[in-house]
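Scroll down for the structure; my scribbles are underneath it.
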Amino acid sequence: MLTLTLAVGSCAALVQADSQAEAAAELNRLLSSAETLQADFSQMTRSASGDSLQETTGQVTLQRPGKFVWHTAPPLEQVLVSDGEQIWLYDPDLMQVTVQQMDPRLTHTPALLLSGDVSTLAENFDIHVEDSGSVVDFTLIPKASDTLFEELRLSFWDGKINDMQLNDPIGQRTNILFSDVQINPEVDDDAFTFDIPEGVDVISE
């Protein structure tokens, strides 16, 4: 009986591994099809009890690997820029720019998940997929314990990113809905270099 139980368990593990590999391969394919991407977004964060904490809108521009501009519109304006090696976070209201080197944990942020090295997805996440035809949903669960979220859902509609949902360790849920998504538009490399405005405080981390 013990031998049979072990055999069944081994088969189940193999099936799960195959399923994980297929899900990772499909997500890799969809993300890799967009070497560059531009879109508008609306973002809402809710507490664990369902209360609305923050609502923002903005625009995002991505270029693989690791380059992006994530611009949140006023009244909560912020500009997050990465050239693949450094990240700048500019807060106009505070007149402050924070500059830091790319941190491996930051690869779990929305912009870097969409613009990063997709070949490492299976190393960093358990990935599950649900395919209902024109809509494909992926659920990503980080393998590391020191990440910014406990679960992430990526939804694609007709091959384009449609929305993301992140659940963090304290129960907050952030939904990001993308619209006017453009795949592989021409993007100037200068877009991913941030020129620090005069008179702002600069914090290096």
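Some observations on this one:
- Exactly one residue among T147, T193, T139 is under 14 Å from the mean Cα position of the chain (by Cα) and within 27 Å of Q96 (Cα to Cα), and that residue is T147.
- If only residues of the range 172-183 that are over 18 Å from V135 (Cα atoms) and part of a strand (DSSP E or B) are counted, the one that is least open to solvent (accessible area, probe 1.4 Å) is T174.
- Here L148 meets the list (1) farther than 28 Å from P92 by Cα; (2) of a type in the set (A, V, I, L, M); (3) in contact with a helix residue (DSSP H, G or I) (Cβ under 9 Å, 6 or more places away or on another chain) almost entirely, failing just condition (1).
- Considering D40, D51, the condition of being more than 18 Å from A122 (Cβ to Cβ) and in contact (Cβ under 8 Å) with a residue 12 or more places away in the chain is satisfied by D40 alone.
- Selection within the range 38-96 - open to solvent by less than 30 Å² (accessible area, probe 1.4 Å), hydroxyl-bearing (S, T, Y) and in a strand (DSSP E or B): T45, T56, T61, T72, S82
- Residue list for the range 149-167, restricted to those being under 17 Å from S32 (Cβ atoms) and of a type outside the set (A, V, I, L, M, F, W, C): D158, G159, K160
- Filter pass, S119 being touching a helix residue (DSSP H, G or I) at 6+ places or on another chain (Cβ under 9 Å), open to solvent by 60 Å² or more (accessible area, probe 1.4 Å) and more than 24 Å from S42 (Cα to Cα): yes
- F194 meets each of the listed conditions (1) open to solvent by 40 Å² or more (accessible area, probe 1.4 Å); (2) out of contact with any Pro (no Cβ under 6 Å at 6 or more places or on another chain); (3) within 24 Å of L89 (Cβ to Cβ) apart from (1).
- Residue list for the range 135-154, filter: buried (at least 19 other Cβ atoms within 10 Å of the Cβ) and part of a strand (DSSP E or B): V136, F138, L140, L152, L154
- Residue count for the range 161-171 under the criterion of being open to solvent by 30 Å² or more (accessible area, probe 1.4 Å) and either in contact (Cβ under 8 Å) with a residue 40 or more places away in the chain or polar (S, T, N, Q) (or both): the result is 5.
The values are calculated or read from the model by the stated rules, or taken from the named source; none is laboratory data. Source: prediction; values computed, not measured. All Cβ positions, glycine included, derive from the backbone under ideal geometry; neighbour counts span all protein chains shown. Note: areas computed on protein heavy atoms with side chains; ligands, DNA, RNA excluded. Shrake-Rupley method; radii C 1.70, N 1.55, O 1.52, S 1.80 Å.
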